[in-house]
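The structure appears right after this line, and notes come after that.
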Amino acid sequence: MWRRVTAPQLLQTDTTDSYGMKPILIFGVEAIAGTYFSSPTNIFAPASTPARSIFDLSLLVLAVTGAIFLVVFTLLVYAVSKFRRRTDDAQEPAQVYGSNQIELAWTVIPILIVAALFMATARVIADTEKVTAPKNSIAVIAIGHQFWWEFRYPGLGVAAVNELHVPLSEPAYATPTFITLLSADTDHSFWVPRLAGKTDLIPNHPNEMWIDPHETGVFLGQCAQFCGVQHAKMLLRVYVQPRSEFDRWVEEQKQPARLSTDPSEGQRIFESTACINCHNVAGTPANGSFGPDLTHLMSRDTIAAGAAANTPANLRLWIRNPNAIKPGSLMPAMQMSDHDLDAICAYLETLR
Ligand code: HEC
Ligand SMILES: [Cu+2]
């Protein structure tokens, strides 16, 4: 239905066609963007279909508004220089009162332009939203917490924290990831600019989105909705892996924590402290769910939703005083002695 209304050639935004026939301008912009702004959150370097659709649409909007700017600015400069005040100006210039043609033109043309941009936008929204999950897609439930992310894979029986792992989706054999967005507390927003637009995580209102990354690598993002003091450090990391690597990761996450039969001192301290009311370590008495699951803590590159690299020093600092890394974090400083802290850290470092 949308297809019929967008007649002008200019509005060729169909995201599937645009791979084949792309105006020179777009190639140029993409090349420049790719070379000069290779930031991991670059909105001009889409690596997944929804992000690509938004990118193509934004180029169309930029082209149309850029053309309007050029026309208006040129006319303005012309009028300002041609009709500037001259010292030898004795009489008034000719006075023109009202012109139906001009009034009509500058009412109707902008309406047409806005209508066309509206149609193009509506088409991208419809094309992105109407997609239903194919059989070989990966289902993920993303739950926003103040200020970290929980990812559950109901079909695979695993879960992840802050670092979402998804398989590469090859054009020949698409394996997109469909994400259901939920929230445990307040509004959050899932935004990984190179993969898709923003979608909010709203309590009691499940939202859906999908990505089909065409490139492997780590894609960065961030909670894009102000959800509390540490919203700015609620970062997102999406690991796009070749299928075999992704499957290996799933197998590793399925394993329970590798624990020795004789619990270490650190494990005993951990299990006799309030830590276990908030954290889960599969196969141990620790089964809290207020904070991130720590069963495979060491398999993550970062801690505290990307706020710090997962190094022994940062881990120790985090447990001694979470506010030193993330002021306003909802994990309390537990006031532990240096001895207990070292023991707990040694234990946590065995959770692979
Ligand atoms: C009141 C609940 C609570 C208690 C008690 C608590 N934590 Fe946490 N913990 C959290 C929350 C919430 C986070 C996530 C903070 C964030 O990223 O904003 C967290 C994060 C962590 C992380 C980082 C995990 C990751 O992958 O990002 C570690 C490690 C951790 N806690 C260890 C501990 C240890 C050890 C103790 C006991 C000494 C403890 N926690 C006690 C709530 C708690
Ligand atoms: Cu948030």
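Couple of notes before you dig in:
- Of all the criteria given as (1) at pLDDT below 95; (2) touching a strand residue (DSSP E or B) at 6+ places or on another chain (Cβ under 6 Å), the one not satisfied by PRO206 is (1).
- Identity of the residue in region 205-257, outside any loop (DSSP other than H, G, I, E, B) and of a type in the set (Gly, Ala, Ser), that ends up surrounded by the most Cβ atoms within 10 Å (Cβ to Cβ): GLY221
- Taken over region 134-163, the residue count meeting the criterion of being within 13 Å of ligand 1 (Cβ to nearest atom) and under 20 Å from ARG248 (Cβ atoms) is 6.
- Among the residues of region 211-226, the one identified as within 9 Å of ligand 2 (Cβ to nearest atom) and touching a helix residue (DSSP H, G or I) at 6+ places or on another chain (Cβ under 6 Å) is CYS223.
- Inside region 97-111, residues that are exposed (fewer than 11 other Cβ atoms within 10 Å of the Cβ) and within 30 Å of GLY197 (Cα to Cα) make up a count of 1.
- When restricted to residues that are within 11 Å of ligand 1 (Cβ to nearest atom), under 18 Å from GLU163 (Cα atoms) and aliphatic (A, V, I, L, M), region 222-236 contains 2.
- The residues listed here are THR87, THR128, THR121, THR107; of these, the one that is assigned to a loop (DSSP other than H, G, I, E, B) and hydroxyl-bearing (Ser, Thr, Tyr) is THR87.
- Some residue of region 151-158 being under 30 Å from VAL281 (Cβ atoms) and touching a Leu at 6+ places or on another chain (Cβ under 9 Å): yes
- Test: residue in region 304-315 that is out of contact with any helix residue (DSSP H, G or I) (no Cβ under 9 Å at 6 or more places or on another chain), polar (S, T, N, Q) and surrounded by 15 or more Cβ atoms within 10 Å (Cβ to Cβ): no
- So SER189, is it touching an Asp or Glu at 6+ places or on another chain (Cβ under 7 Å) and either within 30 Å of MET331 (Cα to Cα) or without any contact (Cβ under 8 Å) to a residue 24 or more places away in the chain (or both): yes
- Positions within region 275-318 being more than 27 Å from the chain's Cα centre (by Cα) and more than 22 Å from ALA159 (Cβ to Cβ), in sequence order: PRO312, ALA313, ARG316, LEU317
The values are calculated or read from the model by the stated rules, or taken from the named source; none is laboratory data. Because the structure is a prediction, the values reported are computed rather than measured. Please note: Cβ atoms are built from the backbone with ideal geometry, for glycine as well, and neighbour counts cover all protein chains shown.
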